[in-house]
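Before any comments, here is the structure.
The values are calculated or read from the model by the stated rules, or taken from the named source; none is laboratory data. Please read these numbers as outputs of a predicted model, since none were measured by experiment. Reconstructed Cβ throughout: ideal geometry from the backbone, glycine too, with neighbour counts over all protein chains shown.
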Amino acid sequence: MNILDLLKSVSVDIHAEVNTKDQAIDHLVNLMNNQGNLKDKEVYKQGIYAREELSTTGIGEGIAIPHAQSETVTAPGLAAMVVKNGVDYQSLDQQPAYLFFMIAVPKTGGNEHLSILAMLSQMLMDTEFKDKLINAKDKEAFLALISEKEASQRKKEETKNQEQNASNQSYRLLAVTACPTGIAHTYMAAEALEEKAKQMGISIKVETDGSGGVKNAPTAQEIAECEAIIVAADKNVEMARFDGKPVIQVKVSDGINKAEELINKAISGKAPIYHSDHSAQAVEETSSEGIGRTIYKHLMNGVSHMLPFVIGGGILIALAFLFDDFSINPANFGSNTPLAAFFKKAGDTAFGFMLPILAGYIAMSIADRPGLAVGFVGGALANAGGSGFLGALVAGFAAGYLVNGLRRLFDHLPDAFEGLKPVLLYPFFGILLMALGMTFLINPPMSAINNGITGLLNSMGGSSKILLGIVLGGMMAADMGGPINKAAYVFGTASIATGNYDIMAAVMIGGMVPPLAIALATFFFKNRFTKKEQQTTLTNIIMGFSFITEGAIPFAAADPLHILPSCVVGSAVAGGLSMALGCTLMAPHGGIFVIGVIGNPLGYLIALVAGAIIGMIMLALLKRPLKNAS
């Protein structure tokens, strides 16, 4: 696809006579409508004005590029006009606009046209080319200039890509450009920064966050080695990766019109240091990075996105038990009163997203956006099929590498299929293969493991109740809501029907200990945890008292070798003590809020505190102090 595939002669007017911005927009919309790619030109015009409300598309230097992405656009298109006398378009430099390009983009479809529009935006940064277009004698000459310049621009892009691929040099500056629609300004700002840096003899790498996704993203090594970073963006971009680096944040229009000023400020050493207060998403790494570190980063991307669902949903469920009345219907505890039912439903809904979010964002970290849907489906199937937390982990990694495999496979298809890959081929084949894998390869063995563990527990019931309490308590902490945890919980709830209330007591106390042990450790041994982890103390106390073991998942996922053994031992001790002290429980859930129905409540509290303290002590012994902990 070329620019002239989008820009037709019927949508070009090089002798337009308009006097105001509104007239200019009206005329351009009519030119666009001449292509027959608008179902409703008035709806499209509303989209143009909505974009203008965000910031003017009169970028200065005599150029305006109004654009909109709308459902009424049936095919991508361009319209162009020249106003010889100029018109006040409320441009950024307050000067008249002479050259106009209007862009129409569909809401759905392939992304090939976006690269064409990006190229046009970059071409317009050439002052000589712009002046030639304004002074073109007729439409044919206007279109010929564009065709000639496009060929030159393609060669320039190929040369730049070859130089970047062949060079292992570090960059003095990095930049990110992004506008709300990601159509024009994103690429114009990138071109302006690259050209000005080249003139100044300064190496720079610019990431563009456009409608086609993030391109040319810097690696972690490049971020570490650069002097400063320029973020010229009118929308949110991933900033956590720049933590501790000098960062200049400005509007995308400043990237276009103040490139030299921004570069000088960046290399002056006066740029402010950026500090992030949230987990960074995965950044593309160099191939020299170890496999373990790479897997860890993918895992943390899933965990960081999952965390709000765990915390928000967990607290809502805790409130449900707090405001409920156990005496109304013990079997329905947590949903007996309207207020409790409201909190319980909201919390359960949030928890329902936990595993799909985990798997989806692990997959996205590995395979970028095409992996997200496949990972979500894998996580949901793990949840429905009984695989739980561990199944979702496997699903996330499987989905990511599955999509990467599909990418390599589909690379052999003709270029005509390029636009179909992200919207049809990747989601269809990815989800299909993911469903088959979860159904036949992952969920069956996990279900078999669950059944086997349940059978083992039933055989142990009459032998040693203290040993059974130790085993059940430890199982509740083994995988934090996964198949082992669920097997122990199902065994505990089933025991209520047979009158074995001591088993349920040991199960629940085993599930309460992990968040409490972590809460105590983050409070008394702060130097073992990051500042963000230290802030979860109160949340984990609430979750622990509410019997929400999943509150410990983010810690267990981030550091399983230290967290899991500590929690398992603490929970096992609590479960064994609960059995030894004759504690019983008739409710299948509720944590400390059902203390009224716990047999020997004082003994139960003693067992709970003992398990949490032992878990805390083990964490303090196993985890090393962090260098940067505060």
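Look at segment 577-603 and say how many of its residues are within 41 Å of the chain's Cα centre (by Cα) and assigned to a helix (DSSP H, G or I). So the count comes out to 5. Applying the condition of being of a type in the set (V, I, T) and either assigned by TED's automatic domain parsing to the domain that holds D234 or at pLDDT 85 or above (or both) to segment 30-56 and asking which residue is farthest from V12 (Cα to Cα) yields V43. For A556, the conditions (1) in a helix (DSSP H, G or I); (2) within 17 Å of V507 (Cβ to Cβ); (3) in contact (Cβ under 8 Å) with a residue 40 or more places away in the chain all hold with the exception of (2).
Among the residues of segment 524-541, the ones that are assigned to a helix (DSSP H, G or I), hydrophobic (A, V, I, L, M, F, W, C) and buried (at least 22 other Cβ atoms within 10 Å of the Cβ) come to 0 in all. Within segment 223-241, restricting attention to residues that are modelled with pLDDT of 85 or more and more than 20 Å from A259 (Cβ to Cβ), the residue that is surrounded by the fewest Cβ atoms within 10 Å (Cβ to Cβ) is A224.
Residue count for segment 318-353, restricted to those that are of a type outside the set (D, E, K, R) and within 25 Å of the chain's Cα centre (by Cα): 7. For beta carbons closer than 7 Å, sequence separation of 6+ or different chains, a first residue in segment 362-380 that is touching a residue at least 24 places away in the same chain (Cβ under 8 Å) and a second that is of a type in the set (K, R), the qualifying pairs are S365/K297. The set of residues in segment 583-613 being out of contact with any Pro (no Cβ under 6 Å at 6 or more places or on another chain) and either acidic (D, E) or free of Cβ contacts under 8 Å to residues at least 60 places away in the same chain (or both) consists of N600, P601, L602, G603, L605, I606, V609, A610. For segment 325-349, residues that are in contact (Cβ under 8 Å) with a residue 60 or more places away in the chain, outside any helix (DSSP H, G or I) and out of contact with any Asp or Glu (no Cβ under 7 Å at 6 or more places or on another chain) total 1. Taking segment 220-246 as the range and being part of a helix (DSSP H, G or I), farther than 16 Å from T208 by Cβ and in contact with a strand residue (DSSP E or B) (Cβ under 8 Å, 6 or more places away or on another chain) as the test, the residues that pass are I223, F242. Any idea which residue in segment 121-142 is modelled with the lowest pLDDT, counting only those that are buried (at least 16 other Cβ atoms within 10 Å of the Cβ), part of a helix (DSSP H, G or I) and among the aliphatic types (A, V, I, L, M)? Restricting to residues being buried (at least 16 other Cβ atoms within 10 Å of the Cβ), part of a helix (DSSP H, G or I) and among the aliphatic types (A, V, I, L, M), the top hit is M123. Candidates in segment 524-538 are the residues that are within 15 Å of A620 (Cβ to Cβ) and out of contact with any Leu (no Cβ under 9 Å at 6 or more places or on another chain); of these, the one that is modelled with the highest pLDDT is F524. Quickly run through segment 97-118 and pick out the residues that are under 20 Å from V12 (Cβ atoms) and at pLDDT 70 or above. Once the filter is applied, which keeps residues that are under 20 Å from V12 (Cβ atoms) and at pLDDT 70 or above, segment 97-118 yields A97, Y98, L99, F100, F101, M102, I103, A104, V105.
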